[in-house]
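See below for the structure under consideration.
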Amino acid sequence: MKADLFEKQLADNARDRARQIWLAGLGAFAKTQEEGGKFFETLVQEGRAVDARMKKITGEKAERAKDGIDVVRNKADEIRDKASGAWNKLEEVFQTRVARALCRLGVPTRDDIRQLFEQVDLLGRNVRKLAKATGPETKTKKKRAVKSAEAATVGKIADPIA
């Protein structure tokens, strides 16, 4: 009997515990429903605050990065300008030395060649003018010279002994 009583008491205790656990679960569920909306709103507000802080931090970092990029860009422009100036000076020195060497060798410059072309054009125009002016006289002289040459040839053929 004592064993039955002990078993019955254990079963009652287990049922009571199970009932308490069940009621605790129901209480937690009710509390969650009741305060769940408030808790959700609290989480949303905290999320907004974190989002604002993150935006501020990333904005500041982006601004610093932009400033750094501008500094680097300015430095690159400065270096490019210096390099360009150095190349221009080097090119001028090279051209001057080549021009001196060509002058010593007697190689005509572009201006010398241009002047020669102008002189050749002028001479060509003068020759054409002279050709037009002496055109008729030249034709008669040519005809006389041709007739004299023909007469001399005919005379030699007619008088083979002479």
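What follows is calculated from the coordinates using simple rules that are stated; it is not laboratory data. The structure presented is a predicted model; accordingly, all values stated were derived computationally and were not measured. Glycine gets a Cβ as well: all are built from the backbone with ideal geometry, and neighbour counts include every protein chain shown.
Before moving on, here are some points about what is shown:
- Stokes-Einstein diffusion of the range 11-131 at 20 °C, 1.002 mPa s viscosity, Kirkwood radius from Cα pairs, rounded to a whole number: 85 µm²/s.
- Among residues other than I69 with Cβ under 13 Å from its Cβ, the summed charge is +1 (Lys and Arg +1, Asp and Glu -1).
- What the Cα convex hull of the range 18-66 gives, in volume per residue, is 65 Å³.
- Bridgeable aspartates and glutamates around K75 (alpha carbons under 18 Å apart, same-chain partners fewer than 8 residues away excluded): D67.
- For q = 0.17 Å⁻¹, Debye-computed log10 I/I(0) when each Cα of the range 70-117 counts as one equal scatterer: -0.64
- Inter-probe distance in nm under a simple model that places probes 7 Å from Cα toward Cβ, at A86 and L5: 10.9
- Spin-label model, A76/Q95: points 7 Å from Cα along the beta carbon direction are separated by 2.9 nm.
- Here the calculated FRET efficiency for Q33 and K66, from their Cβ-Cβ distance with R0 = 41 Å, stands at 0.25, rounded to the nearest 0.05.
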